[in-house]
Every structure is written in structure tokens, then in C-alpha cells.
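These notes concern the structure reproduced below.
The values are calculated or read from the model by the stated rules, or taken from the named source; none is laboratory data. Owing to the predicted nature of the structure, the values given are computational and were not obtained by experimental measurement. Counting neighbours? That spans all protein chains shown, and the Cβs are built from the backbone with ideal geometry, glycine included. Accessible surface areas use protein heavy atoms only, side chains included; no ligands, DNA or RNA. Shrake-Rupley method; radii C 1.70, N 1.55, O 1.52, S 1.80 Å.
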Amino acid sequence: RDRVKGFMPFVLEVGEAGGPRGAADQDGSLMRESRSNPTWTALEVADSWEWRVDNIPYPSDVYSIQVDDEKQQLVLRTSNRKFFKRWSV
């Protein structure tokens with residue numbers, strides 16, 4: 001991460017130039033974040049905040065969300081111990 005300008009583009013260091021057909025993202029880069037991981041979205045509604053987690057691989061009853069008041073974070077975890085994530089709010 002570049003401290004002045006924000007995030008820097010990925011630099012491909014391993015593999016052949018071009019890669020397999022269809023592997024490039026819309027911006028032409030061959031590397032991107034995994035689409036199989038859950039994504040986190042915060043929405044501001046009229047009278048509150050709404051946090052949304054999409055692309056969860058397990059049934060929703062496996063997940064639990066907790067608030068860590070001390071660290072000011074939301075904690076999402078699964079009962080099968082396969083996923084754990086903290087988000088600062």
C-alpha cells in the first residue's frame with residue numbers, strides 16, 4: 001500500500017505474460033481478490049446503519065455476529081470454526 005496515493009496496482013512477478021485466456025479482470029490485471037470470500041458492505045439508511053455480508057459459503061444459522069465494545073469492532077464467526085473476521089466501525 002502506498003501511503004500517499006492509496007492502493008497500488010498489483011505487479012505480476014511469477015508466470016508467463018498474458019496468462020490463460022479469460023483470466024484477466026476488467027481492468028486488464030491478472031490478479032484480483034478471491035470472489036469466494038465473504039464481502040462486507042456498510043450502508044447508511046435514514047435512521048441507522050446497516051451492515052451486509054454477502055457471498056457466505058455456509059448456511060446463515062452457522063454464523064454469529066458480536067460487538068467488541070472495547071476494540072469498536074464487529075466480529076463475524078462460524079460455529080464450525082472455518083471463518084473469523086473483524087471489522088472496525
Looking at the structure I just gave you, is residue 47 loosely packed, with under 10 Cβ neighbours inside 10 Å and at pLDDT below 75? no
Tell me, yes or no, whether region 2-25 has at least one residue that is modelled with pLDDT of 65 or more, open to solvent by 100 Å² or more (accessible area, probe 1.4 Å) and not in a loop (DSSP other than H, G, I, E, B). no
Cβ-Cβ under 9 Å, sequence separation 6+ or interchain: first residue in region 53-71 and closer than 16 Å to residue 36 by Cβ, partner at pLDDT 85 or above and part of a helix (DSSP H, G or I). Which pairs? 56/62
Answer yes or no as to whether residue 54 is acidic (Asp, Glu), at pLDDT 80 or above and open to solvent by less than 100 Å² (accessible area, probe 1.4 Å). yes
Qualifying residue in region 57-69 (condition: modelled with pLDDT under 85 and in a loop (DSSP other than H, G, I, E, B)): yes
Those residues of region 70-88 which are part of a strand (DSSP E or B) and surrounded by 10 or more Cβ atoms within 10 Å (Cβ to Cβ) amount to 73, 74, 75, 76, 77, 78, 85, 86, 87
